[in-house]
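Everything on this sheet refers to the single structure shown next.
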Amino acid sequence: MKPFLAAHPPVSLQRAWTKAFTQSIRKPRAVQHHSRQFGAVPVHILQPTSGAPGEVVLFLHGGAYVLGGDGAYVGYAGQMAQALGRTIWLPEYRLAPEHAYPAAVDDALAAFDAIVDNGIAPENIILMGDSAGGGLSLATALALRDRGGPQAGALVLMSPWTDLTMSGESVQRLARRDPFIPSTWGGHARIGYAGERPFDDPGLSPLFAELNGLPRTLVQVGSEEILLSDSIRLVEAATGAGVDIRCEVYDGLWHDFQMQVGLLPDATRAVTRIRRFINGDASH
């Protein structure tokens, strides 16, 4: 991934190549997959044969807001559905540069509302995302708070991209050590998503938002990834705002390592801890 993205090929080629990469993660046979359309938002629904009824994970995929659509995340979401024992809704939110902010947030809100309209209580919805999807999950939770309606039951952020200014010290310090993504790629991808807005706009970079009123939150991040600072600063700010937030830093691991669930023991352990967290295990 890293040398390919560092070359900054056209977005169409990035999408095709990344989809081929992510589709190497196979959906488990025990997970059923079907797709539905809710308004303008297509949603993949991945349902394990055994799981908690009446509870849903709204999974917002990563890809720097420009990649990850067209079913690329179905295999990964299927693996997570089986590991978490929850039905997962994976929306195909609109991508940049064709659709700048707030298109992705609007689509995530529409997916959340569709889950509620399908009879799931808001407190039984888990907002979860990886990388840019982690930042989008946080931005969606803030949008839910701001519109005054019901909030999700919990928030799970895996290697979240919370600062599009890319001002965290780890962006440079760990640029060589993170084997997954180059810092220069994010610097290019953010332009299309931001449109005319400054990168420190709280809607784009929820690290700079008022963080009070969020649901209980779990953050997982690798010690060797360029976005480590995005998680550390988020946890400090959210704690100061009174949020019940926990952070797990996995030593020696890289950006979005949970993608290797079922293959990498530390990734499987991390996802097991996510399952305990969403089950309300106080000891976690």
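The values are calculated or read from the model by the stated rules, or taken from the named source; none is laboratory data. Please read these numbers as outputs of a predicted model, since none were measured by experiment. FYI the Cβ positions are ideal-geometry reconstructions off the backbone, even for glycines, and counts take in every protein chain you see. Accessible surface is based on the protein model in full, side chains and every heavy atom, while ligands, DNA and RNA are left aside. Shrake-Rupley method; radii C 1.70, N 1.55, O 1.52, S 1.80 Å.
For Val219, the stated conditions do not hold, so it cannot be described as over 16 Å from the mean Cα position of the chain (by Cα) and under 25 Å from Arg147 (Cα atoms).
Output the number of residues of the range 225-284 satisfying the condition of being outside any helix (DSSP H, G or I) and closer than 19 Å to Leu138 by Cβ. Selection size over the range 225-284: 14. Restricting attention to the range 232-255, the residues being in contact (Cβ under 8 Å) with a residue 40 or more places away in the chain and out of contact with any strand residue (DSSP E or B) (no Cβ under 9 Å at 6 or more places or on another chain) number 1. Could you tell me whether Glu196 is acidic (Asp, Glu), open to solvent by 10 Å² or more (accessible area, probe 1.4 Å) and modelled with pLDDT under 95? In short, yes.
Among the conditions (1) crowded, with 24+ Cβ neighbours inside 10 Å; (2) farther than 24 Å from Phe112 by Cα; (3) not aromatic (Phe, Trp, Tyr), the only one that Met166 does not satisfy is (1). So which pairs qualify, if the first residue must be in the range 153-171 and modelled with pLDDT of 95 or more, the second must be open to solvent by 20 Å² or more (accessible area, probe 1.4 Å) and among the basic types (Lys, Arg), the Cβ gap must be under 7 Å, and the two must be at least 6 apart or on different chains? Listed pairs, sorted by first residue: Ala154/Arg216; Leu164/Arg190. What's the total number of residues in the range 52-100 that are on the phi > 0 side of the Ramachandran plot and over 13 Å from the mean Cα position of the chain (by Cα)? Here the count works out to 4.
For the structure I just gave you, tell me whether Ile115 is of a type in the set (Val, Ile, Thr) and in contact with a Gly (Cβ under 8 Å, 6 or more places away or on another chain). So Ile115 does not fit the description; no. Number of residues in the range 173-193 that are of a type in the set (Ser, Thr, Tyr) and open to solvent by 40 Å² or more (accessible area, probe 1.4 Å) equals 1. Considering the range 206-224 alone, what residues qualify as being farther than 22 Å from Gln172 by Cβ, open to solvent by 10 Å² or more (accessible area, probe 1.4 Å) and in a loop (DSSP other than H, G, I, E, B)? Listed by number, the residues that qualify are Ala209, Glu210, Asn212, Gly213, Leu214, Pro215. From the list Gly62, Gly85, Gly78, the lone residue that is under 22 Å from Asp163 (Cα atoms) and open to solvent by less than 10 Å² (accessible area, probe 1.4 Å) is Gly62.
Criterion first (of a type in the set (Gly, Ala, Ser) and either at positive phi or open to solvent by less than 30 Å² (accessible area, probe 1.4 Å) (or both)) does Ala103 satisfy it? Criteria met by Ala103. Considering the range 6-49, and only residues there that are touching a Pro at 6+ places or on another chain (Cβ under 7 Å) and surrounded by fewer than 17 Cβ atoms within 10 Å (Cβ to Cβ), the residue that is nearest to Pro182 (Cα to Cα) turns out to be Ala6. The residues of the range 115-152 that are open to solvent by 10 Å² or more (accessible area, probe 1.4 Å) and farther than 20 Å from Ala209 by Cβ, listed by number, are Val116, Asp117, Asn118, Gly119, Ile120, Ala121, Pro122, Glu123, Asn124, Ile126.
Among the residues that make up the range 174-185, is at least one of them part of a loop (DSSP other than H, G, I, E, B), closer than 22 Å to Phe257 by Cα, modelled with pLDDT of 95 or more and out of contact with any helix residue (DSSP H, G or I) (no Cβ under 7 Å at 6 or more places or on another chain)? Within the range 174-185 (the criterion being part of a loop (DSSP other than H, G, I, E, B), closer than 22 Å to Phe257 by Cα, modelled with pLDDT of 95 or more and out of contact with any helix residue (DSSP H, G or I) (no Cβ under 7 Å at 6 or more places or on another chain)), the answer is no, since none of the residues qualifies. Of all residues in the range 182-209, those satisfying the criterion of being of a type in the set (A, V, I, L, M, F, W, C) and within 19 Å of Ser12 (Cβ to Cβ) are Trp185, Ala189, Ile191.
Please verify whether Pro202 is in a loop (DSSP other than H, G, I, E, B) and touching a residue at least 40 places away in the same chain (Cβ under 8 Å), treating the condition exactly as stated.
Yes.
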